[in-house]
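Visitor: Input: one structure, supplied below.
Each reported figure results from applying straightforward, stated rules to the coordinates on display, with no laboratory input. Fair warning: this is a prediction, and the values are worked out from it, not measured in the lab. Ideal geometry is used to build each Cβ from the backbone, glycine not excepted, and the neighbour counts take in all protein chains shown.
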Amino acid sequence: MTTSHDSTASTADAGISSVKGSVTNKSTNENPTNAGAGTADRPNSKFDDIRQMLYKEAIKPVGSSANRSKFTLEGWNWGSGGLDDADRVTLGDLYLNAQSVFENGLGESTLITSHTGVPRFSGIDSEAV
């Protein structure tokens, strides 16, 4: 029974190695942004071409600093969440230089994100009504 278990583990390990090899499929001289694309033994598929196009699009700089606004407490309407003034200023400073923000919970920090002009924002409303 131990032999059977060992051979099962070896078969599973071989399958994992095989899967890892087909997913990464890297050669030593391959461009890292092209990881997973065609190699000498497997040419690029249409999926590889689309993946590469989307990757290049996703890493392009977004927005310009012309549309960004520094956050200040002057004239700010305070929310009822857990932020204090130091938190608000810190978030404003972080968001001013951020290219993307993901938040769990939509509230005052989301308004700060909008005020600073973050180009990419995603949030989940944790208290949907």
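Visitor: With θ taken as phi - 60° and the coefficients 6.51, -1.76 and 1.60, list the Karplus ³J(HN,Hα) couplings across the range 48-53 in order, rounded to whole Hz; mark glycine and proline as x.
Guide: 4, 4, 5, 4, 5, 4
Visitor: Moving to a separate point now. Order the peptides 70-83, 108-121, 89-102 from the highest to the lowest mean number of other Cβ atoms within 10 Å of their residues.
Guide: Top to bottom by mean Cβ count within 10 Å: 108-121, 89-102, 70-83.
Visitor: For the range 64-129, what does the alpha-carbon gyration tensor say about shape, rounded, prolate or oblate, given a ≥ b ≥ c as the root eigenvalues, a/c under 1.5 as rounded, and a/b over b/c as prolate? Could the numbers behind the result be given before it?
Guide: Details: a/c = 2.05, a/b = 1.17, b/c = 1.76.
Oblate.
Visitor: Would you kindly derive the ³J(HN,Hα) couplings of the range 106-116 from the backbone phi angles with the Karplus curve 6.51 cos²θ - 1.76 cosθ + 1.60 (θ = phi - 60°), listing them in order in whole Hz, with x for Gly and Pro?
Guide: Working through the residues one at a time gives 10, x, 5, 5, 5, 5, 5, 4, 5, 4, 7 Hz.
Visitor: Next up: Thr110: net charge of surrounding residues, Cβ under 13 Å, Lys/Arg +1, Asp/Glu -1, itself excluded? Before the final figure, lay out each step's value.
Guide: Numbers: positive: Arg88; negative: Glu103, Glu108, Asp125, Glu127.
With Lys, Arg at +1 and Asp, Glu at -1, the net is -3.
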